[in-house]
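*Asks:* Quick one: the structure is below, and I'll ask about it shortly.
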Amino acid sequence: MFIRPYEHQDVEAVVQLMADLGYPTNIEALSARMEKIASVESCFTFVAVRDGQAVGLIGCRDIFYYEEDGMVVQISLLVTKQSEQGSGIGTALVAYIEQWARERGASALYLTSGIKESRKKAHAFYEARGFDITGYRFVKKLTVQE
């Protein structure tokens, strides 16, 4: 297995990964979304590849502090192909991003995760890799005005 930047040719496999994560989509919608993400300088997406197939995906972004100098890297998405879960792909992706973030000068990695029952295994995964629960996430849904 190796990790590399996302390429457009990965879109079909990533559609399946998104479904495995509980966010079904289609090739057209995901292609457009990935193009938007790729156009943002502070967003980065990497895939884990095994036997020529994308079996894991991690998306992250640089977040700069307002209150002090420095930055952190936010993991926005982490998913492993359902049939490959428990085989070390998620661990390898997090380790890859941790090293990548250090090289960029980040002072921390952080992520947010829902408090759903279905995310408990993910929470245990992150805690086992040195992440601490440090706060709350507040969300206010907005209606899109056209």
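*Asks:* Could you give each residue of the range 125-137 its phi-based ³J(HN,Hα) in whole Hz, using Karplus coefficients 6.51, -1.76, 1.60 with θ = phi - 60°, and x for Gly or Pro?
*Replies:* Result, rounded to whole Hz: 4, 5, 4, 5, 9, x, 7, 10, 7, 10, x, 10, 10.
*Asks:* Taking 41 Å as R0, compute the FRET efficiency from the Cβ-Cβ separation of residue 141 and residue 38 and round it to 0.05.
*Replies:* According to the calculation, E is roughly 0.95.
*Asks:* Convex hull over the Cα atoms of the chain, averaged projected area in nm²?
*Replies:* 10.3 nm²
*Asks:* If each residue of separation counts as 0.36 nm, what is the full-extension length gain between residue 124 and residue 82 once their alpha-carbon separation is subtracted?
*Replies:* 13.4 nm
*Asks:* How large is ³J(HN,Hα) for each residue in the range 38-54, as worked out from phi by the Karplus curve 6.51 cos²θ - 1.76 cosθ + 1.60 (θ = phi - 60°), to whole Hz, x for Gly and Pro?
*Replies:* 5, 7, 8, 4, 8, 10, 9, 10, 10, 10, 9, 10, 9, 6, x, 10, 5
*Asks:* Here's another thing I want to ask about it. Bin all alpha-carbon pair distances of the range 90-146 at 5 Å intervals from 0 and give each bin's fraction as a whole percent.
*Replies:* The calculated distribution, bin by bin, is 4, 14, 21, 20, 15, 12, 8, 5, 1.
*Asks:* I've got another one for you. Could you put 37, 27 in order, starting from the residue whose Cβ has the fewest other Cβ atoms within 10 Å?
*Replies:* Final ranking by Cβ density, sparse to dense: 27, 37.
*Asks:* When the Karplus curve 6.51 cos²θ - 1.76 cosθ + 1.60 is applied with θ = phi - 60°, which whole-Hz ³J(HN,Hα) does each residue of the range 59-65 get, with x for Gly and Pro?
*Replies:* x, 8, 8, 6, 10, 9, 6
The numbers here are math on the coordinates, done by the rules we state, and not lab data. What you see is a predicted model, and the numbers here were worked out from it, not measured in a lab. Cβ sites come from the backbone with ideal geometry, for glycine too, and all protein chains shown count toward neighbours.
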